[in-house]
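Take a look at the structure set out below.
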Amino acid sequence: MFRILCSTTRQTTINFCSNNSALRVRNSSNVYNIVSRTQRNKPPVEVIKWVLLVIPVTSFGLGCWQMYRLRWKLELIDIMSAKANAAPVELPHDLSDLDGMEYVPVKVRGVFLHDKEFTIGPRALIEAEGPARPGSLMSDPKKNQGWLVITPFKLKETGQVILINRGWVPQTMKAKEQHSASFIKGEVELTGIVRLTEKRPPFMPKNNPEKGAWFTRDLDQMAATIGCEPVWLDARGIPDPPPGWPVPNQTRVTLRNEHMSYIVTWLSLSAFTSVMWHRYFIRKLPLL
Ligand SMILES: *[C@@H]1O[C@H](CO)[C@@H](O)[C@H](O)[C@H]1NC(C)=O
């Protein structure tokens, strides 16, 4: 856009002078007016003005796109909740069929292998029924800090071992001795919701099977460690549970739903940059 007409190896400074709209190059002694803005048919400020308009327009567009995504996500959550509340079906013979059955309740019979039990977390308690009262989680920090008790379960029919998320225990009951009163020796029949493997969310530490530290439901890693099938059921609970039985029904049917915060971010960025743009280019006021 600018052509520098002087060739010099000496130190050169370039001034952009907005008052007389000229670009000057000054070396040690001389001042050259190189390009006067008025000589150009496309003044650079005009170009910058329209280029900068892209920011508020694009962020507005992204905000609208997130609104559309939010609606889609809410519909998906409805579909999944309906699935999870349906009548339970038998566990398929081919366990790989479960891949297409996430959130479907299935019935299983077998025995718990409590000696191989482990915990995953920390997780907040998911409370049964009813919308959470605002602040209820805040007022009871105990419900925020807890663990899911995962017990391998040997199926009666096939002898295969799967994983059962028995439910939630508070921090004070994390250690095996603390919830050993809930161990069951004999055969049980129970219903659980099929859950598939989950990706490690950003910022979540990695699972450390050697230390028994589990943060995410990585079914292949668990199967390799425990020696079981990569199958996980969120138990619905059993009739007459022994004392200290973890709180069942710990199925989080909420997908990662952060669209609302994206909407707020994009639209406020759009609003802010629009105001700045209008102020600077239309009203010709200085920036802030
Ligand atoms: C768990 O959910 C099932 C089915 O939704 C329900 O029948 C059962 O009472 C629940 N158990 C607890 C302890 O909330």
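Just so it is clear, none of the values below were taken in a lab; they were calculated from the coordinates. In this text, all values refer to a predicted model and were calculated from it rather than measured experimentally. Note that each Cβ is placed from the backbone with ideal geometry, even for glycine, and that neighbours are counted across all protein chains shown.
Listing for the model above:
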quantity	calculated
Vicinal HN-Hα couplings computed from phi for region 153-169 (Karplus, 6.51 cos²θ - 1.76 cosθ + 1.60; Hz; Gly/Pro x)	9, 8, 6, 5, 5, 10, x, 5, 10, 10, 10, 10, 7, 5, x, 9, 10
Difference of contour (0.36 nm per residue) and Cα-Cα distance, residue 281 to residue 180	29.3 nm
Interchain or long-range residues, amide H under 5 Å from residue 218's placed H	198
3J(HN,Hα) from dihedral phi, region 183-188, Karplus parametrisation 6.51/-1.76/1.60, rounded to Hz, x for glycine, proline	5, 10, 8, x, 6, 10
Net length gained if the chain between residue 102 and residue 208 were fully extended (0.36 nm per residue, minus Cα distance)	35.6 nm
Å³ per residue enclosed by the Cα convex hull of region 104-252	125 Å³
Estimated vicinal HN-Hα couplings, Hz - region 77-94 in sequence order (Karplus 6.51, -1.76, 1.60; Gly, Pro = x)	5, 4, 4, 5, 5, 4, 4, 5, 8, 6, 5, x, 10, 6, 5, x, 5, 8
Per DSSP, loop trypsin sites (Lys or Arg not before Pro) in region 225-288 with at most 15 further Cβ within 10 Å	252, 256, 283, 284
Net charge contributed by nearby residues that have their C-beta within less than 13 Å of residue 176 (K/R +1, D/E -1)	0
Fewest-first sequence of 204, 173, 67 by Cβ atoms within 10 Å of each Cβ	204, 67, 173
Ordering of 264-274, 84-94 by burial proxy (mean other Cβ atoms within 10 Å per residue, highest first)	264-274, 84-94
Label point distance in nm, residue 68-residue 49, each placed 7 Å from Cα along Cα→Cβ	3.1 nm
Unsatisfied cross-links (Cα-Cα over 23 Å) in the set 83/116; 83/185; 107/156; 107/174; 73/199; 73/206	83/116; 83/185; 107/174; 73/206
